[in-house]
Amino acid sequence: MDQTNTKSSSSNKTGYCLPTISNRSAMGDFKRVKSAKDLLVSSSSEDGSKRKKNPQVVCFGELLIDFVPTVSGVSLAEAPGFKKAPGGAPANVAVCVSKLGGSAGFLGKVGDDEFGHMLANILKENNVDNTGMRFDKQARTALAFVTLRADGEREFMFFRHPSADMLLTEAELDTDLIKKSTIFHYGSISLIEDPCKSAHLAAMKIAKKAGCILSYDPNLRLPLWPSPEAARKGIMSIWDEADVIKISEDEIEFLTGGDDPYDDKVVLTKLFHPNLKLLIVTEGPNGCRYYTKDFHGKVGGVKVKCVDTTGAGDAFVGGLLLNLASNTQLFKDEKKLRDALRFANVCGAITVTERGAIPSLPSKEAVHKKLEESESK
């Protein structure tokens, strides 16, 4: 198994064995199943009757287990214990859309192991169409250990050599699920190696041909790439295909070779391409900036006590895509766009108040309550 620590500039590869996994998950008792297929549920199945027939947002990419320290401000070696939590940026976005009242689906691969079964079940419990999931009998489900600094920011150590998410093939794609969606969302981690890279590119072509909005959050995890140059080239290789892109300040600096991430001219000349409908730059607690062909501006953030920033960006994306799926011309109306971004900012803010990604994603009621509180101040 490959251990990759983000504290180092290069991958630290060491052999490890996974311990025997008990049948009790962090989410409670886990029910064993005869087949992984028993865990899959579609929008039109009996279990999915409360959902809309077709997912508004379909997310493609990694689904894994995050191990988050029970205390902040310590190294992985010093942590007294870890809280096991489902994660993976695309899966986080899918669950967020669903928890906010929208309909979502997920395409990706996990191991045919108890962690993989647990993750499929969690998507099912959160009303995400998981029929696009595949299970690998040879590779394990990906794991990530997350170091929480005292300020809630993170550093990652990944275990994947290779993990199941890297082995999804084009032949395993659920093309019908992609074609039925309004928005097809993805990151860049699935571009690192074949066969997943080829599957990713094929899925994008299918979505584009079907008239879906293509949504891209690079979600840079530099130690997973062979080199910084490979990461920059890989991320930018599909840049011009996207209709909507969300990036962070750090990602701007990385992609532009060190340019000022707060300079509108840098963003507009180096990152805004002719086919792009909306470019969002997130600034953590300070909110976000937005750029379209006709206007640009900034929406301020919401103050909360930060515990763990894991999943905050994914919650932001989920909140934005929920609104975009309901109004695909959102980027043409600045007032409505600002309202949607304020909603998305609150989604991210609520998420940082608890540990872990999926467990801390907000409900629509929680977001509206926080919006009302912030507007009354």
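A few remarks follow.
- Between the listed residues GLY211, ILE189, TRP225, the Cα displaced farthest toward the positive end of the dipole of the stretch 188-240, a dipole computed from Cβ unit charges relative to the Cα centre, is found at GLY211.
- For the stretch 292-309, the Karplus equation 6.51 cos²θ - 1.76 cosθ + 1.60, evaluated at θ = phi - 60°, returns couplings of 10, 5, 10, 7, 8, x, 9, 10, x, x, 10, 7, 9, 7, 7, 10, 7, 7 Hz by residue, with Gly and Pro reported as x.
- Look at the dipole of the stretch 81-140 built from charges on Cβ: of ILE122, GLY132, CYS96, the Cα furthest out on the positive end belongs to CYS96.
- Two-site FRET efficiency, LEU371 against LYS298, from Cβ-Cβ distance with R₀ of 30 Å, rounded to 0.05: 0.95
- Exposure of THR269 as accessible area (Å², to 10), given a probe of 1.4 Å and all protein chains: 100
- Backbone phi angles across the stretch 56-61, fed through the Karplus curve with coefficients 6.51, -1.76 and 1.60 (θ = phi - 60°), yield HN-Hα couplings of 6, 10, 10, 10, 10, x Hz in residue order; Gly and Pro are listed as x.
- The accessible surface of the stretch 151-302, taken with every protein chain in place and a 1.4 Å probe, is 49 percent carbon and sulfur.
- Across the stretch 353-362, rounded Karplus estimates of 3J(HN,Hα) from the backbone phi angles (6.51 cos²θ - 1.76 cosθ + 1.60, θ = phi - 60°) give 7, 9, 7, x, 8, 4, x, 9, 5, x Hz, Gly and Pro being marked x.
- Net lengthening on full extension, THR269/ARG149 (0.36 nm per residue, minus Cα-Cα): 39.7 nm
- Inter-site label distance for LYS208 and GLU125 at 7 Å from Cα along Cβ, in nm: 3.9
- Near ILE213, the amide H atoms lying under 5 Å from its own belong to ILE183, PHE184; only residues 5 or more places off or on other chains count, and H is placed 1.01 Å from N.
- Between LYS305 and TRP239, the FRET efficiency estimated from the beta carbon spacing at R0 = 30 angstrom works out to 0.25.
- Amide H within-cut-off set for ARG134, under 5 Å, with H built and near neighbours excluded: GLY108, LYS109, VAL110
- Protein-only accessible surface at a 1.4 angstrom probe places the residues SER188, SER72 in the order SER72, SER188, largest first.
- Checking every one of the trypsin sites (Lys or Arg not before Pro) in the stretch 301-376 against DSSP loop status and a limit of 13 other Cβ atoms within 10 Å picks out LYS303, LYS305.
- Between the beta carbons of LYS84 and THR175, assuming R0 = 30 Å, the FRET efficiency works out to 0.35 to the nearest 0.05.
- Among the listed pairs LYS109/LYS298; LYS109/LYS364; LYS246/LYS335; LYS205/LYS336, those beyond 26 Å (Cα-Cα): LYS109/LYS298; LYS109/LYS364; LYS205/LYS336
- Per-residue accessible area (protein heavy atoms, 1.4 Å probe) orders TYR262, TYR186 as TYR262, TYR186, starting from the largest.
The values are calculated or read from the model by the stated rules, or taken from the named source; none is laboratory data. Quick caveat: nothing in here was measured; it's all calculated off a predicted structure. So basically every Cβ, Gly included, is an ideal-geometry build from the backbone, and we count neighbours across all protein chains shown. Just the protein is used for accessible areas: all its heavy atoms, side chains included, with ligands, DNA and RNA removed. Shrake-Rupley method; radii C 1.70, N 1.55, O 1.52, S 1.80 Å.
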